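One structure below.
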Amino acid sequence: MPLVQHLLAKSRVAVDLDLEAGSDVAMNHTELQQVLINLMVNAVQAMPEGGRLTLRTRRDTVDDRPMVRISARDTGSGMSPEVLGRIFDPFFTTKRSEGTGLGLSISRNLVTRGGGTISAESEPGKGTEFTILLPVFDPGGQAL
Ligand SMILES: Nc1ncnc2c1ncn2[C@@H]1O[C@H](COP(=O)(O)OP(=O)(O)O)[C@@H](O)[C@H]1O
Ligand SMILES: [Mg+2]
């Protein structure tokens, strides 16, 4: 949060934190931080008139494996199915000057390397929700 505080202060975006996973994940701290900053910057950019960004963490189970689910939901512009289908492609951007189109491509690579997945659902005019699933870290040395 401190790293995006300046951006948030300039925007009319309210942030809700609903963080209940309470578990460590098997992903590099700095890399996960980079992924979350990417999602927050994208969300703020999708809400030029302001809106709400909800960050949520929960424990989950996928194929009997304990996971942490992190979601970032915004009330922004949303995306058409055509755009949604390309957002993880390198250099795909709908932003003219602000965008490199690399944020989500790099984010997916980092999350995949951490043994997880990242996906998005979106409705034009309503908003977007990104979901990251990561294995819970097992202090015994392996991802459980
Ligand atoms: N929260 C969001 N709401 C609406 N569109 C989004 C959101 N996040 C990403 N996008 C779309 O995905 C594209 C790719 O995002 P990204 O890889 O971060 O590149 P960039 O932000 O540089 O354009 C964006 O240009 C935008 O069209
Ligand atoms: Mg971006």
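A short reminder: the numbers here are calculations on the coordinates, not readings from a lab. Bear in mind the structure is a predicted one, so any value in this text is a computation, not a measurement. Note that each Cβ is placed from the backbone with ideal geometry, even for glycine, and that neighbours are counted across all protein chains shown.
Starting from 0.36 nm per residue, how many nanometres of slack lie between residue 3 and residue 119 once their C-alpha separation is accounted for? Each step should come with its number before you reach the end.
Details: separation 116, 0.36 × 116 = 41.76 nm, distance 2.34 nm.
The span from residue 3 to residue 119 would gain 39.4 nm if fully extended.
Taking the Cβ of each residue in 97, 105, 122, 80 as the centre, tally the other Cβ atoms inside 10 Å and list the residues starting with the fewest. Before the final figure, lay out the partial values.
Working: 97 5, 105 17, 122 21, 80 11.
The order, fewest Cβ neighbours first, is 97, 80, 105, 122.
Roughly how big is the chain's charge dipole about its Cα centre, with Cβ charges of +1 (Lys, Arg) and -1 (Asp, Glu), in debye to the nearest 20?
Details: 15 positive and 17 negative charges, 75 e Å.
The calculated dipole for the chain is roughly 360 debye.
Ranking 15, 68 by Cβ neighbours within 10 Å, fewest first, what do you get?
Values: 15 16, 68 22.
So the ranking, lowest neighbour count to highest, is 15, 68.
Can you give the net charge of the other residues whose Cβ lies under 14 Å from the Cβ of residue 122, counting K and R as +1 and D and E as -1?
Spelling it out: positives minus negatives among the neighbours equals -2.
Multiplying the sequence separation of residue 16 and residue 82 by 0.36 nm and subtracting their Cα-Cα distance, what value in nm do you get? Working shown, then result.
On the way: separation 66, 0.36 × 66 = 23.76 nm, distance 2.90 nm.
Extra length available between residue 16 and residue 82 comes to 20.9 nm.
On a 0 to 90 degree scale, rounded to 10, what angle separates helix 29-45 from the longest Cα axis of the chain?
Between helix and principal axis, roughly 30 degrees.
In which sequence would 82, 49, 31 go, from the one with the fewest C-beta neighbours within 10 Å to the one with the most? If you can, show how the numbers build up before the last one.
Details: 82 7, 49 10, 31 16.
Result, fewest neighbours first: 82, 49, 31.
Would you mind computing, in nm to one decimal, how far apart the modelled labels at residue 106 and residue 34 are, each placed 7 Å from Cα along Cα→Cβ?
It is 0.5 nm.
Treating the angle as unsigned and between 0 and 90°, give the value, to the nearest 10°, between the Cα long axis of helix 103-113 and the longest Cα principal axis of the chain.
Helix 103-113 sits at roughly 10 degrees to that axis.
Over the chain, with a single point scatterer placed on each C-alpha, what log10 of the ratio I(q)/I(0) does the Debye formula yield at q = 0.09, 0.16 1/Å?
-0.27, -0.86
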